[in-house]
1. If we scan the stretch 112-128, do we find a residue that is under 25 Å from residue 56 (Cα atoms), part of a strand (DSSP E or B) and either among the aromatic types (Phe, Trp, Tyr) or at pLDDT 75 or above (or both)?
2. Give the residues of the stretch 49-63 that are touching a residue at least 40 places away in the same chain (Cβ under 8 Å), crowded, with 17+ Cβ neighbours inside 10 Å and more than 13 Å from residue 147 (Cα to Cα), sorted by residue number.
3. With respect to the numbered conditions (1) in contact with a helix residue (DSSP H, G or I) (Cβ under 9 Å, 6 or more places away or on another chain); (2) at pLDDT 95 or above, which one is the sole condition not fulfilled by residue 8?
4. Is it the case that some residue within the stretch 64-72 is without any contact (Cβ under 8 Å) to a residue 40 or more places away in the chain, among the charged types (D, E, K, R), surrounded by fewer than 13 Cβ atoms within 10 Å (Cβ to Cβ) and part of a loop (DSSP other than H, G, I, E, B)?
5. Could you list all residues from the stretch 73-88 that are in contact (Cβ under 8 Å) with a residue 60 or more places away in the chain and surrounded by fewer than 16 Cβ atoms within 10 Å (Cβ to Cβ)?
6. I need a count of the residues in the stretch 23-59 that are in a loop (DSSP other than H, G, I, E, B), in contact with a helix residue (DSSP H, G or I) (Cβ under 9 Å, 6 or more places away or on another chain) and under 30 Å from residue 133 (Cα atoms).
7. Of everything in the stretch 89-99, what is closer than 25 Å to residue 11 by Cβ and either over 12 Å from the mean Cα position of the chain (by Cα) or surrounded by fewer than 21 Cβ atoms within 10 Å (Cβ to Cβ) (or both)? Give them in sequence order.
Amino acid sequence: MSVAEMTDTSQYLTFSLGEDIFAIDVIMAKEVLDFTDVTRVPQTPDYMLGVINLRGSVVPVVDMRLKFGMENTDTTRDSCVIVVEVDVEGEPVTVGAMADSVREVMDMTPDQIEPPPRIGTKLNTEFIKGMGNLGEKFVIILDINRVFSADDLAFAKSTSEEVETNTE
């Protein structure tokens, strides 16, 4: 592999939600945690599971299945929380994304990535960076900064700050 090819290769952390495989840029994933008890926060959207304590910091956790309008399911021993850092108006906010399981870190070259699908004007696919072509199967590559709406992230940030203030 030439130096040019090596710099064009990107690494993605892949995870599953049901039968579907998703990926995020490995740089965005700070760590992967076993699923743990989540403290529910009243008056939050269904997909906002609550908060966890991550080494003294309050981290909001989003159920990615519910966020994407998928059917809710019970947690299993493979269920996990992918801790990501997303950008909210130029400020980093840590969020946990609950997934059914983490699969692997995968290298993909630009020729393996197709542009996001154009599915008409009613369906928002802005959060999809591309589709990783793995032969018979596609991996949906997410732009994690666009998965969550500005309202979601502002809510997550304010929830974290409010819980931290109340525990001091």
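1. Within the stretch 112-128 (the criterion being under 25 Å from residue 56 (Cα atoms), part of a strand (DSSP E or B) and either among the aromatic types (Phe, Trp, Tyr) or at pLDDT 75 or above (or both)), the answer is no, since none of the residues qualifies.
2. So the first thing to find is which residues in the stretch 49-63 are touching a residue at least 40 places away in the same chain (Cβ under 8 Å), and the list is 49, 51-52, 54, 57-60, 62.
Adding the requirement that they be crowded, with 17+ Cβ neighbours inside 10 Å leaves 49, 51-52, 54, 58-60, 62.
Scanning the stretch 49-63 gives 49, 51, 52, 54, 58, 59, 60.
3. Failing condition for residue 8: (2).
4. Taking every residue of the stretch 64-72 in turn, none turns out to be without any contact (Cβ under 8 Å) to a residue 40 or more places away in the chain, among the charged types (D, E, K, R), surrounded by fewer than 13 Cβ atoms within 10 Å (Cβ to Cβ) and part of a loop (DSSP other than H, G, I, E, B).
5. In the first step, residues of the stretch 73-88 are kept if they are in contact (Cβ under 8 Å) with a residue 60 or more places away in the chain; the result is 80, 82, 84, 86, 88.
Listed by number, the list is empty, since nothing qualifies.
6. 1
7. Initially, the stretch 89-99 is screened for residues closer than 25 Å to residue 11 by Cβ, giving 92-99.
Matches in the stretch 89-99: 92, 93, 94.
The values are calculated or read from the model by the stated rules, or taken from the named source; none is laboratory data. Please read all numbers here as calculations on a predicted model, not as lab measurements. So basically every Cβ, Gly included, is an ideal-geometry build from the backbone, and we count neighbours across all protein chains shown.
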